[in-house]
Amino acid sequence: MRFSLAIHGGAGTRPREAMTGEAEAGFRAGLSRALLSGCRVLEKGGPALEAVTQAVIALEDDPHFNAGRGSVYTSSSTHEMDAAVMDGASRKAGAVAGICGPRNPVLAARAVMEKSENVLLIGQGAMAFCREQGLAFEESAYFDTPERFAALQAELERRRLKREDTRDDAARHG
Amino acid sequence: TVGAVACDAAGNLAAATSTGGMTGKLPGRVGDCPVFGAGTWADESCAISATGHGEVFIRYAAAHEIAARMRLGKQSLAKAAEAVVAELGIQGGSGGLVAIDAAGEVALPFNCAGMYRGRIGADGIAWTGIYRE
């Protein structure tokens, strides 16, 4: 049986000189967990759509990565998350944008694809739909991490002082 | 941003992407993740999940550009994905993507310092990468 899965945890990597051995091990462990989550679906003959969903859930649950728990902050110190899924054979697709509440935004996108006649739902309407679908919700604090909050404070200070934007990818992309 | 693309045993493809966006973004700002054809795409020939400067990935319809080059230009996944990511970099769109085709071949190009990434196949061996390695 031939199958394969590829994942990314974002292009906002820490600068190599700032990456400690411990931090690197944490990132690689998070990536491996996600790969194995998706692989378990595929090796049982499961569909690609479920494999990518499980892999992204593992990454959303890992505060190392900028999605779900560990999301970056807006300039208002809030979280606004987006997610999308698409199935190649059927071209079915579902997405959410500007939400904060569903523990796993990728499951919100799946619900839009499978339980609505829409492709994209945003904001409060998307949140109400997710509640109707019985998705697991978390308080906003669940998504907080001190590292992301510190990055936000640094960015807001930069803007306040109108300093040139010399941020690295990690600061910019989260 | 995080994402995944997969080719299952039946040869079907799928993509998923999820993100908190960019640090200090304006409330209401939406990047390429939920814009199909920009940050997320899947059809019969490829599946793609992108990460990076979303505004540029949207304006260049990054994911769909790769799919179009494969479908219409008969380019390989690797050639199309590498070329589009390089072009995005020239246009100020720092970032990268993961892509897969119906044969299960993957491409993991990026035009910035690094990208947290990984791949796994039927051998069950998980490979992970961060910088160019």
*Go through the range B:1-18 and count every residue that is more than 23 Å from B:PHE57 (Cα to Cα) and assigned to a strand (DSSP E or B).*
1
*Near pairs, Cβ below 6 angstrom, 6+ apart or cross-chain, from the range B:31-51 (at the interface with chain A (Cβ under 8 Å from one of its Cβ atoms) and crowded, with 24+ Cβ neighbours inside 10 Å) to any residue that is outside any strand (DSSP E or B) and of a type in the set (Phe, Trp, Tyr)*: B:GLY39/B:PHE57
*State which residue pairs qualify: first residue at the interface with chain B (Cβ under 8 Å from one of its Cβ atoms) and in a helix (DSSP H, G or I) and inside the range A:7-34, second residue among the basic types (Lys, Arg) and crowded, with 19+ Cβ neighbours inside 10 Å in any location, beta carbons under 8 Å apart, and separation of 6 or more residues or different chains.*
A:LEU31/B:ARG117
*If you take just the strands (runs of 3 or more DSSP E) that sit entirely in the range A:66-174, which of them hold at least 1 residues that are farther than 20 Å from B:LEU26 by Cβ and β-branched (Val, Ile, Thr)?*
A:81-87
*Could you tell me which of the residues A:ALA126, A:ALA97 is under 16 Å from the mean Cα position of the chain (by Cα), surrounded by 22 or more Cβ atoms within 10 Å (Cβ to Cβ) and free of Cβ contacts under 8 Å to residues at least 40 places away in the same chain?*
A:ALA97
*Which one of these is free of Cβ contacts under 8 Å to residues at least 24 places away in the same chain and touching a helix residue (DSSP H, G or I) at 6+ places or on another chain (Cβ under 8 Å): A:SER116, A:SER76, A:SER90, A:SER71?*
A:SER116
*Got at least one residue in the range A:8-28 being touching a Pro at 6+ places or on another chain (Cβ under 8 Å), at pLDDT 95 or above and either surrounded by fewer than 16 Cβ atoms within 10 Å (Cβ to Cβ) or within 21 Å of B:ALA14 (Cβ to Cβ) (or both)?*
no
*When residues of the range B:1-22 are filtered for being facing chain A (nearest Cβ under 7 Å), without any contact (Cβ under 8 Å) to a residue 24 or more places away in the chain and either out of contact with any Gly (no Cβ under 8 Å at 6 or more places or on another chain) or surrounded by fewer than 24 Cβ atoms within 10 Å (Cβ to Cβ) (or both), how many remain?*
2
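The values are calculated or read from the model by the stated rules, or taken from the named source; none is laboratory data. The structure presented is a predicted model; accordingly, all values stated were derived computationally and were not measured. No Cβ is skipped: glycine too gets one built from the backbone with ideal geometry, and neighbour counts run over all protein chains shown.
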